[in-house]
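Student: Here it is, the structure, as structure tokens.
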Amino acid sequence: MPSAASSPIILADKLTKVYSAGRIQVSALRGVSFEVAAGEFVAVVGPSGSGKSTLFYLLGGLTRATEGRVVIDGIDFASLNDAERTRLRKRRIGFVFQKFNLLPTLSAMGNIEIAYEISGRKEPLDRAYLDHLSDLLSIQGRLQHRPSELSGGEQQRVAIARALITRPAIVLADEPTGNLDTKNSEAVLEMLQRSNRELGQTTLMITHNPEAAAIAGRILHMRDGEIVRIEAGAGAGSAISNGVRGASTAV
């Protein structure tokens, strides 16, 4: 577990996002600030319209903040051009979405391999690491099957393997159990928890489901574009990072 003194691998500093539609302006985020230490599992939970998905896209460098900044492992997204932002995402961040987004014409193995190729790494794919991921995610016997031949839970586990194959420092998961039944949701959450614990990746998960959020070490509750409460989850250890600056349980 990270110590309270650890340097943050994710820093959100006074993030504001305003969407404009003609003369109408909608504030999706209102000055959100928090830190995540390396190795943490943090969940962001809130109802639809709370701003959590907007936060996800800002943290992943998929959109720009109106005000404030996102710093990933010491690098401020605002200091990068589009090509540099793309390169940082490919190298440092793995994405898991609600929709599995697997290529239907490729096998599970092909979907994982192409993600590695797209990352631009020059070194060959580490087959031993791929075997370890397959074992960790319980997809060893399904790698030669196409997505249409896999269950929803299996497809999401392949999507997690795809996100992890580049050994990203950070995994961002947006409603990863949103399209799954209860049994498969529990399996996927267990896999995310194991990958965080055994592979050491920092994990931030967006969810509307408090039960899913409970597996994290720390839970940030959002409402109306703000973080309104922070609590320890079931995955919390003896040391939790500083979290939202200026608050420990409420904002």
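Student: Considering only region 111-131, how many residues are closer than 25 Å to residue 180 by Cα and in contact with an Asp or Glu (Cβ under 9 Å, 6 or more places away or on another chain)?
Tutor: Counting residues in region 111-131 that are closer than 25 Å to residue 180 by Cα and in contact with an Asp or Glu (Cβ under 9 Å, 6 or more places away or on another chain) gives 1.
Student: Going through region 171-212 one residue at a time, which ones are of a type in the set (A, V, I, L, M, F, W, C) and touching a Gly at 6+ places or on another chain (Cβ under 7 Å)?
Tutor: Taking region 171-212 as the starting set, the residues that turn out to be of a type in the set (A, V, I, L, M, F, W, C) are 171-173, 180, 187-189, 191-192, 199, 204-206, 212.
171, 172, 180, 187, 188, listed by residue number.
Student: If residue 6 satisfies all but one of (1) within 26 Å of residue 196 (Cα to Cα); (2) modelled with pLDDT of 95 or more; (3) of a type in the set (S, T, N, Q), what's the number of the condition it fails?
Tutor: Unmet condition: (2).
Student: Let me ask something else. Quick test of your reading of the structure: residue 191 fulfils all but one of (1) crowded, with 20+ Cβ neighbours inside 10 Å; (2) in contact with a helix residue (DSSP H, G or I) (Cβ under 8 Å, 6 or more places away or on another chain); (3) not in a helix (DSSP H, G or I). Name the failing condition by number.
Tutor: Unmet condition: (3).
Student: Just name the residue that is surrounded by the most Cβ atoms within 10 Å (Cβ to Cβ) out of those in region 194-224 that are assigned to a strand (DSSP E or B) and in contact with an Asp or Glu (Cβ under 7 Å, 6 or more places away or on another chain). Walk me through it before giving the result.
Tutor: As a first pass, look at region 194-224 and keep what is assigned to a strand (DSSP E or B): 202-207, 218-223.
From the residues that got through so far, the ones that are in contact with an Asp or Glu (Cβ under 7 Å, 6 or more places away or on another chain) too are 202, 206-207, 218-219.
Working: 202: 23, 206: 28, 207: 25, 218: 24, 219: 24.
Filtering first and then ranking leaves 206.
Student: Kindly indicate which of 120, 141 is on the phi > 0 side of the Ramachandran plot and of a type outside the set (S, T, N, Q).
Tutor: Numbers: 141 fails: on the phi > 0 side of the Ramachandran plot.
Result: 120 is the single residue among 120, 141 that is on the phi > 0 side of the Ramachandran plot and of a type outside the set (S, T, N, Q).
Student: Just to be sure before I move on: is residue 169 modelled with pLDDT of 90 or more, closer than 16 Å to residue 109 by Cα and in contact with a strand residue (DSSP E or B) (Cβ under 7 Å, 6 or more places away or on another chain) in the structure I sent?
Tutor: Details: modelled with pLDDT of 90 or more: yes; closer than 16 Å to residue 109 by Cα: no; in contact with a strand residue (DSSP E or B) (Cβ under 7 Å, 6 or more places away or on another chain): yes.
When the stated conditions are applied, residue 169 does not pass them.
Student: With the requirement that a residue be more than 21 Å from residue 213 (Cα to Cα) and aliphatic (A, V, I, L, M), what does region 162-184 give you? Please lay out each step first, then the result.
Tutor: Narrowing region 162-184 to residues more than 21 Å from residue 213 (Cα to Cα): 162, 165-168.
Correct list: 165 only.
Student: I'd like the full set of residues that are outside any helix (DSSP H, G or I), of a type in the set (D, E, K, R) and touching a strand residue (DSSP E or B) at 6+ places or on another chain (Cβ under 8 Å), limited to region 36-90. First the steps, then the outcome.
Tutor: To start, the set of residues in region 36-90 that are outside any helix (DSSP H, G or I) comprises 36-51, 60-76, 80-81.
Now narrow it down to the ones that are of a type in the set (D, E, K, R): 40, 64, 67, 69, 73, 76.
Those that are outside any helix (DSSP H, G or I), of a type in the set (D, E, K, R) and touching a strand residue (DSSP E or B) at 6+ places or on another chain (Cβ under 8 Å): 40, 67, 69, 73, 76.
Student: Please go through region 91-115 and pick out each residue that is crowded, with 18+ Cβ neighbours inside 10 Å and hydroxyl-bearing (Ser, Thr, Tyr).
Tutor: Once the filter is applied, which keeps residues that are crowded, with 18+ Cβ neighbours inside 10 Å and hydroxyl-bearing (Ser, Thr, Tyr), region 91-115 yields only 107.
Student: Here's something else I'd like to know. For region 105-179, which helices (runs of 4 or more DSSP H) that fit wholly inside it have 3 or more residues that are over 17 Å from residue 191 (Cα atoms) and either in contact with a Phe, Trp or Tyr (Cβ under 7 Å, 6 or more places away or on another chain) or free of Cβ contacts under 8 Å to residues at least 60 places away in the same chain (or both)?
Tutor: Working: elements: 108-118, 127-136, 152-164.
Ranges flagged: 108-118.
The values are calculated or read from the model by the stated rules, or taken from the named source; none is laboratory data. These figures come from a predicted structure and were not determined experimentally. A quick note on method: Cβ atoms are made from the backbone with ideal geometry, for glycine too, and the neighbour counts reach across all protein chains shown.
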